[in-house]
Amino acid sequence: MEPGESDEAAVRREVMEETGLRVAVGPLAGAVDRPGPAGVTYEIRDYFATVTGGVLSASDDAVDARWCARTELTRLALSPGLLEALREWDALPP
């Protein structure tokens, strides 16, 4: 997040920067803390969102961007704990 930026504004900006999509931000899906470098702890808050425009594309720090069915998720190289958190938050695709 940028200084003074709301969660909603940060979600809209980050999704656009990372995926090329415009979104309407919905309710909080869940939050986790993850360790970072030099003892820093990152608080990660994930929100439900609805795509309102744009074209899905990978940003410069991603190899690929695509929509996936629930059955495909177990075959992807996801961050540790991500799939479990999404299940717990009932945030998996149909």
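Taking segment 29-46, which residues are surrounded by 12 or more Cβ atoms within 10 Å (Cβ to Cβ) and of a type in the set (Val, Ile, Thr)?
Result: Val32, Ile44.
Suppose we filter Ala85, Ala49, Ala62 for residues that are out of contact with any strand residue (DSSP E or B) (no Cβ under 9 Å at 6 or more places or on another chain) and closer than 27 Å to Glu5 by Cβ; which single one remains?
Ala62
Select from segment 19-28 the residues that are part of a strand (DSSP E or B) and surrounded by 12 or more Cβ atoms within 10 Å (Cβ to Cβ) and list them in ascending order.
Passing the criteria: Leu21, Arg22, Val23, Ala24, Val25, Gly26, Leu28.
I'd like to verify a number: residues in segment 19-28 that are under 21 Å from Ala85 (Cα atoms) and either among the charged types (D, E, K, R) or free of Cβ contacts under 8 Å to residues at least 12 places away in the same chain (or both), how many?
Number satisfying all stated conditions: 0.
Of all residues in segment 17-27 being out of contact with any Leu (no Cβ under 8 Å at 6 or more places or on another chain) and modelled with pLDDT of 95 or more, which is farthest from Val55 (Cα to Cα)? Steps first, answer last, please.
Step one: list which residues in segment 17-27 are out of contact with any Leu (no Cβ under 8 Å at 6 or more places or on another chain), which gives 17-18, 22-27.
Next cut, modelled with pLDDT of 95 or more only: 22-27.
Numbers: Arg22: 9, Val23: 11, Ala24: 15, Val25: 17, Gly26: 20, Pro27: 23 Å.
Going through the qualifying residues, I end up with Pro27.
If you scan segment 51-76, which residues turn out to be surrounded by fewer than 10 Cβ atoms within 10 Å (Cβ to Cβ) and either in contact with a Gly (Cβ under 8 Å, 6 or more places away or on another chain) or part of a loop (DSSP other than H, G, I, E, B) (or both)?
Val55, Asp60, Asp61, Val63, Asp64, Arg66, Trp67, Ala69
So that you can scan it fast, the table gives a plain yes or no per residue for (1) in contact (Cβ under 8 Å) with a residue 60 or more places away in the chain; (2) of a type outside the set (A, V, I, L, M); (3) in a loop (DSSP other than H, G, I, E, B):
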{"position": "Ala9", "(1), (2), (3)": "no, no, no"}
{"position": "Arg12", "(1), (2), (3)": "no, yes, no"}
{"position": "Gly30", "(1), (2), (3)": "yes, yes, no"}
{"position": "Asp33", "(1), (2), (3)": "no, yes, no"}
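Looking only at segment 28-61, count how many residues are among the hydrophobic types (A, V, I, L, M, F, W, C), closer than 16 Å to Arg13 by Cβ and modelled with pLDDT under 95.
1
Scan segment 39-47 and tell me whether some residue there is part of a strand (DSSP E or B), of a type outside the set (D, E, K, R) and in contact (Cβ under 8 Å) with a residue 40 or more places away in the chain.
Within segment 39-47, one or more residues are part of a strand (DSSP E or B), of a type outside the set (D, E, K, R) and in contact (Cβ under 8 Å) with a residue 40 or more places away in the chain.
The values are calculated or read from the model by the stated rules, or taken from the named source; none is laboratory data. Here the structure is a predicted model, which is why all the values come from computation and not from measurement. Every residue, glycine among them, receives a Cβ derived from its backbone with ideal geometry; neighbour counts consider all protein chains shown.
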